[in-house]
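Below is one structure, written out as structure tokens; comments come after it.
Since every read-out is calculated from the coordinates, none of them should be taken as a lab result. Not measured: the values here are computed from a predicted model. Cβ sites come from the backbone with ideal geometry, for glycine too, and all protein chains shown count toward neighbours.
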């Protein structure tokens, strides 16, 4: 899995290059430390995006927000979550939903993310991908570790650069 040439900035730029309307979904459990990184990134983006971007804080139940996502009629859907990637804490990867078996998300989602993504893709014709971040600690507790906090800031800033204005 380690690949020194992987460039999250380039991957996000390419993936969002033709985006017209984007839903960015933050996933994570607020009581499991770094597992909350997806929602934390969404919170950092509030007030900084155009009306062509819909930010969704769904914590551990993204399926409860399916109608809101569909109603926005996005061209792109970016789901952000912590996952055990066998990388250094804070490193991230963009992966297709069908790859979820290889990189399981850490969270205790009621519905597996792969199934949620399949439902969305079958319902509307939007591009969908997952931005997965290697957590450092997922013990019970609140707040991100320092290393993941820094990563969340960097990733949020990167996403902001490539979202439609």
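Between residue 20 and residue 84, the contour length at 0.36 nm per residue exceeds the Cα-Cα span by 19.9 nm. Counted by neighbouring Cβ atoms within 10 Å, the residues 150, 25 run from fewest to most as 150, 25. Helical runs assigned H by DSSP (4 residues or longer) give the chain a calculated mean residue ellipticity at 222 nm of -9500 deg cm²/dmol, each run adding -39500 (n - 2.57) before division by the residue total.
List the relative contact order of the chain as a percent without decimals, with contacts defined as Cα pairs under 8 Å and 6+ residues apart.
In percent, rounded to a whole number, it is 34.
Taking other Cβ within 10 Å of each residue's Cβ, how do 50, 64, 92 sort, fewest first?
50, 64, 92
Taking label positions 7 Å along the Cα-Cβ direction at both residue 13 and residue 118, the computed distance is 3.5 nm, reported to one decimal.
In what sequence do 158, 84 fall when counting other Cβ within 10 Å, fewest first?
With the sparsest Cβ surroundings first, the list reads 84, 158.
Placing a label point 7 Å from the Cα of residue 73 along the Cα-to-Cβ direction, the residues of segment 140-165 whose backbone N falls under 19 Å from that point are 164-165. Shown is the FRET efficiency for residue 162 and residue 31, computed with R0 = 35 Å from the Cβ-Cβ distance and rounded to the nearest 0.05: 0.70. Working ranking of peptides 51-63, 114-126, 70-82, 34-46 by packing, defined as the average number of other Cβ atoms within 10 Å per residue, highest first, is 34-46, 70-82, 51-63, 114-126.
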